[in-house]
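All remarks here apply to the structure that follows.
The values are calculated or read from the model by the stated rules, or taken from the named source; none is laboratory data. Bear in mind that the values here come from a model prediction, so they are computed numbers and not experimental data. Here the Cβ positions follow ideal geometry from the backbone for every residue, glycine too, while neighbour counts run over all protein chains shown. To get the accessible areas, we keep the full protein, side chains included, count just its heavy atoms, and leave off ligands, DNA and RNA. Shrake-Rupley method; radii C 1.70, N 1.55, O 1.52, S 1.80 Å.
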Amino acid sequence: MQPPSKNESTVLVFTLSGLNETMENRYVLLSFTALYYPLIVFCNVTIITTILLHKKLHEPMYVFICNLCVNGLFGTSGFYPKFMYDLLAHDHVISYIGCLIQIFVIYSSILCDFSTLTVMAYDRYVAICRPLEYHSKMTNQTILKCILYCWLAPFFSMAVLIILISRLTLCGFNIEKLYCEIWAVAKLSCFSTTVNNVFGYIVILSYFGHAILIFCSYVYLIRKCRKSIEGRHKFMQTCVPHLLSLINVTAAFMFDVLYSRYGSKNVPQGVRNFMALEFILVPPILNPLIYGLNLTIVRQQVLRMFFKKQMALSE
């Protein structure tokens, strides 16, 4: 074991320097965030409430959509409240424990998105390719197992990564991002981070493997759906939104991973910030809008719910 270096210290607080070059626009950013975050919460809560309150929507596909929206709320809660506080504060700091919690929440949420989209792909495969077996395969017990998989697998993966990060001896405290990020903290290590990198790549590759599996299953579904008008309609109605969600999450996660590992510091700070935030900005609002507007039964129930409230208020 190597002896401690002179630059080694116990890091209790990290500095987040991602806002340093854009602080002159902080009130614009604060106004945008103060409108955008409540909109995310409103859209996701609306879909969740609609699905929970209407028995017609108590089916596997809608349960998984509900899970996707719950995860959207979970992931954004790890970023937006702290970000709004930083926009008002003079110093942008986060405690060591707070940093690890933020990493856990944000990144387990991304992995949960992949897990949820994977079980949704399986649900669509059974519904379109084996419709007669659908109710025997997608039982309440199967749905529960799928939901547990969506959450427990990401939680386990991130718990291991957090333990590996917490073992590192750090020689710095400055994180050049708007939030705590796995690779950014690992780069502050005084010694080798090989174990962290290897396990991190295993997690990344396994979840990108989820995306590849979904794309392959959808190629198969497209071939199947071409044979009937009903199959094509079902695919367009339920699978296209799913594919859009998958492309969105995969591209956003790829942006973050590639930039964190290989990004150049010559890129303007504003561009770097957007690339780092893409998966926190777009998927949480796009998912409820895609499913809420495109799926007819969900859209009808949402409109009915709001019209009932308006009628009750007018009376």
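In the range 216-262, the qualifying residues are those that are open to solvent by 20 Å² or more (accessible area, probe 1.4 Å), of a type in the set (F, W, Y) and under 20 Å from E278 (Cβ atoms), and the one that is modelled with the lowest pLDDT is Y262. Suppose the filter is without any contact (Cβ under 8 Å) to a residue 12 or more places away in the chain, in a helix (DSSP H, G or I) and either surrounded by fewer than 19 Cβ atoms within 10 Å (Cβ to Cβ) or out of contact with any strand residue (DSSP E or B) (no Cβ under 6 Å at 6 or more places or on another chain) (or both); does V28 pass it? Spelling it out, V28 is indeed without any contact (Cβ under 8 Å) to a residue 12 or more places away in the chain, in a helix (DSSP H, G or I) and either surrounded by fewer than 19 Cβ atoms within 10 Å (Cβ to Cβ) or out of contact with any strand residue (DSSP E or B) (no Cβ under 6 Å at 6 or more places or on another chain) (or both). More than 19 Å from E278 (Cβ to Cβ) and buried (at least 20 other Cβ atoms within 10 Å of the Cβ): does that describe D123? So D123 fits the description; yes. Exactly one residue among L111, L39, L68, L73 is modelled with pLDDT of 90 or more, open to solvent by less than 10 Å² (accessible area, probe 1.4 Å) and closer than 15 Å to I285 by Cα, and that residue is L68.
Let's see how each residue does on (1) outside any helix (DSSP H, G or I); (2) closer than 21 Å to T296 by Cα; (3) β-branched (V, I, T):
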residue	(1), (2), (3)
N44	no, yes, no
Y62	no, yes, no
C69	no, yes, no
F74	no, no, no
K82	no, no, no
F114	no, no, no
V119	no, no, yes
D123	no, yes, no
I128	no, yes, yes
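Given the structure, is Y80 open to solvent by 20 Å² or more (accessible area, probe 1.4 Å), aromatic (F, W, Y) and out of contact with any Asp or Glu (no Cβ under 8 Å at 6 or more places or on another chain)? Answer is no for this residue.
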